[in-house]
Amino acid sequence: MRRFTLHAAPPASVPATRPPRLPELVPEGFAFLAFLLPPLWFLFHRLWLALAIWLALSVLAAFLLPAAVLPYVTLAAQVLVGLQAQDIRRWTLARHGLPVSGVVIARDAEAALLRALDARPDLRSARA
């Protein structure tokens, strides 16, 4: 069984001027693709700030670190990105108005979404 955090817009007390955002599920754990290809993973998940910071730090490391140390620092940075990638997604979603609204445990993302929609019927209107 896997754990997912559910990110949904809080119930609005005032009429919304924009259409409601769809709820998103973010899995817990190591992001292997973020470890292998950090910039592509950031682009795919539209994490522009994280991508800009990663690029800036990569350029700085390439210019400031000796060539003998650079592969080890790059590997350590990629492991760190793989470990923290899902947390970066959660942080970005919270900044964009989708805070963590629950935790769902299911075998895959589809089952987790079904469980979340059963537990929170108010999310169904945003999905339709």
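The values are calculated or read from the model by the stated rules, or taken from the named source; none is laboratory data. Since this is a predicted model, take the numbers as computed values, not measurements. Don't worry about glycine lacking a Cβ; one is built from the backbone with ideal geometry, like all the others, and counts go over all protein chains shown. Surface areas here come from the heavy atoms of the whole protein model, side chains and all, with no ligands, DNA or RNA. Shrake-Rupley method; radii C 1.70, N 1.55, O 1.52, S 1.80 Å.
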Using a 1.4 angstrom probe, figure out how much accessible area the stretch 25-70 has per residue, in square angstrom, rounded to the nearest whole. 67
Pull up all non-local amide H partners of Gly102: gap of 5 or more, or a different chain, and H-to-H distance under 5 Å with H placed in the peptide plane. Leu6
For a protection proxy built on the mean count of beta-carbon atoms within 10 angstrom, sort 66-75, 30-39, 82-91 highest first, please. 82-91, 30-39, 66-75
What list of ³J(HN,Hα) couplings, whole Hz, do you get for the stretch 36-43 from phi and the Karplus terms 6.51, -1.76, 1.60, once you set θ to phi - 60° and write x for glycine and proline? 6, 9, x, x, 5, 5, 4, 5
In Hz, Karplus ³J(HN,Hα) per residue of the stretch 62-77 (6.51, -1.76, 1.60; θ = phi - 60°; x = Gly, Pro): 5, 8, 9, 8, x, 4, 6, 9, 4, x, 5, 5, 5, 4, 5, 5
Mean-square fluctuation check for the chain, GNM, Cα pairs under 10 Å: which of Leu22, Leu80, Leu60 is largest? Leu60
Contour minus Cα-Cα distance for Trp91 and Val69 (0.36 nm per residue): 4.8 nm
In Å and on Cα atoms, what radius of gyration and Dmax does the chain show? 17.8, 58
